[in-house]
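Report on the structure given below.
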Amino acid sequence: MDKVIRTITSDGAIMAAAIDASDIVFTAQQVHKLSPSATAALGRLLCGASLMGISLKQDKATINLRVMGDGPIGTLLAVSDSKGNVRGYVGNSDCPTEYYNNGKINVSAAVGKDGTLNVIRDYGAGDPYIGQVPLVSGEIAEDITSYYATSEQIPTACALGVLIDKDDKKVLLAGGLLIQLLPGADESTIERLEKNLEKLEPMTTMLAKGMNILDICKTALEGFEVEVLDETPVNYVCTCSRSKIEGYLAGLSDDDIRYCANDLGYAEVNCQFCNKNYKFTKEDLENIIKNKNEKN
Ligand SMILES: [Zn+2]
């Protein structure tokens with residue numbers, strides 16, 4: 001069962017959140033039939049989105065992370081609610097995979113180094129907050145760090161990792177860590193944290209050793225007294241429904257809907273997040289036209 005934990009040092013100077021998202025990323029890989037590089041890229045983004053989503057505080061809030069780089073993977077999108085539940089998709093699920101010499105997947109080669117990371121925080125009321133930063137490396141974690149530094153002026157460290165089995169290419173482990181300095185952190189706090197981060201092992205190495213997400217936060221915050229704010233189960237959750245898809249169809253022109261009804265005899269819509277298939281008969285489509293014209 002995947003979980004996300006939020007911790008804080010007892011002096012209130014540093015917040016650390018960590019996620020074990022092995023099941024979530026495995027699910028994403030299965031749902032979208034992702035190549036290894038697409039699994040690693042989307043998996044990292046899903047971990048980042050969950051870690052950012054969990055701190056939104058308001059119940060109905062959501063956060064969207066959209067990466068548009070110049071690499072072969074196309075657009076990556078991950079969405080999290082305020083409970084850290086996520087969903088996402090990639091433009092090219094079959095993206096070719098390059099490896100570094102140490103055997104790790106070269107995510108940057110898939111995503112590209114030129115492009116943008118867009119972050120949209122939507123609180124369900126009023127205008128959403130939109131931030132955009134240029135990609136730093138296309139490795140995702142550094143791009144999220146850059147977003148916080150540039151767009152929100154919050155000093156942040158981020159580590160994200162997805163470990164894939166060399167033989168069957170399935171997800172073994174996935175997780176992430178997000179550390180933020182809170183206002184009032186002094187120089188000695190920053191120095192100590194930097195020393196901790198220098199010797200911190202990669203996320204999937206720590207998970208593979210059997211460390212849980214609290215152990216990982218405590219290791220990152222070694223030398224500080226750590227308090228747990230909350231620990232929450234998280235899942236890959238899609239929010240699609242037949243009525244939402246109907247709303248989307250109703251947004252098309254009458255002519256387009258009639259084309260489906262009369263020329264094709266039906267309409268079929270696949271949810272881009274969970275791949276669920278929705279079918280609409282000729283009669284369903286005629287009702288959609290009728291209903292939308294009654295409303296107007
Ligand atoms: Zn769906």
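The values are calculated or read from the model by the stated rules, or taken from the named source; none is laboratory data. Only a predicted model underlies this, so the values are computations on that prediction, with no experimental measurement involved. Counting neighbours? That spans all protein chains shown, and the Cβs are built from the backbone with ideal geometry, glycine included.
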(1) in contact with a strand residue (DSSP E or B) (Cβ under 7 Å, 6 or more places away or on another chain); (2) of a type in the set (Phe, Trp, Tyr); (3) free of Cβ contacts under 8 Å to residues at least 60 places away in the same chain all hold for Tyr100 apart from (1)
Tell me the strands (runs of 3 or more DSSP E) entirely within the range 86-155 that contain at least 1 residues that are of a type in the set (Phe, Trp, Tyr).
86-90, 129-134
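Results for (1) charged (D, E, K, R); (2) surrounded by 12 or more Cβ atoms within 10 Å (Cβ to Cβ); (3) modelled with pLDDT of 95 or more, shown as yes or no for each residue.
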site	(1), (2), (3)
Leu207	no, yes, yes
Asp215	yes, yes, yes
Thr232	no, yes, yes
Val237	no, yes, yes
Leu249	no, yes, no
Leu252	no, yes, no
Out of all the residues in the range 217-228, which are surrounded by fewer than 14 Cβ atoms within 10 Å (Cβ to Cβ) and closer than 30 Å to Thr27 by Cβ?
Val228
Looking at the structure I just gave you, is Val79 in a strand (DSSP E or B) and assigned by TED's automatic domain parsing to the domain that holds Thr205?
yes
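Could you look through the range 59-76, keep only residues that are part of a strand (DSSP E or B) and more than 16 Å from the ligand (Cβ to nearest atom), and pick out the one that is farthest from Ser137 (Cα to Cα)?
Initial filter on the range 59-76 (part of a strand (DSSP E or B)): 62-69, 75-76.
Add one more test, that the residue is more than 16 Å from the ligand (Cβ to nearest atom), and what stays is 63, 65-69, 75-76.
Values: Ile63: 22, Leu65: 16, Arg66: 15, Val67: 12, Met68: 12, Gly69: 10, Thr75: 15, Leu76: 15 Å.
Out of the qualifying residues, it is Ile63.
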Filter the range 264-292 down to the residues that are within 16 Å of the ligand (Cβ to nearest atom) and free of Cβ contacts under 8 Å to residues at least 40 places away in the same chain and list them by number.
Glu268, Val269, Asn270, Cys271, Lys276, Asn277, Tyr278, Lys279, Phe280
Check Val234 against each of (1) within 16 Å of the ligand (Cβ to nearest atom); (2) aliphatic (A, V, I, L, M); (3) touching a residue at least 60 places away in the same chain (Cβ under 8 Å) and name the one condition it does not meet.
(1)
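So which of Thr116, Thr156 ends up being in contact with a helix residue (DSSP H, G or I) (Cβ under 6 Å, 6 or more places away or on another chain) and among the polar types (S, T, N, Q)? Spell out the reasoning first.
Details: Thr116 fails: in contact with a helix residue (DSSP H, G or I) (Cβ under 6 Å, 6 or more places away or on another chain).
Only one candidate qualifies: Thr156.
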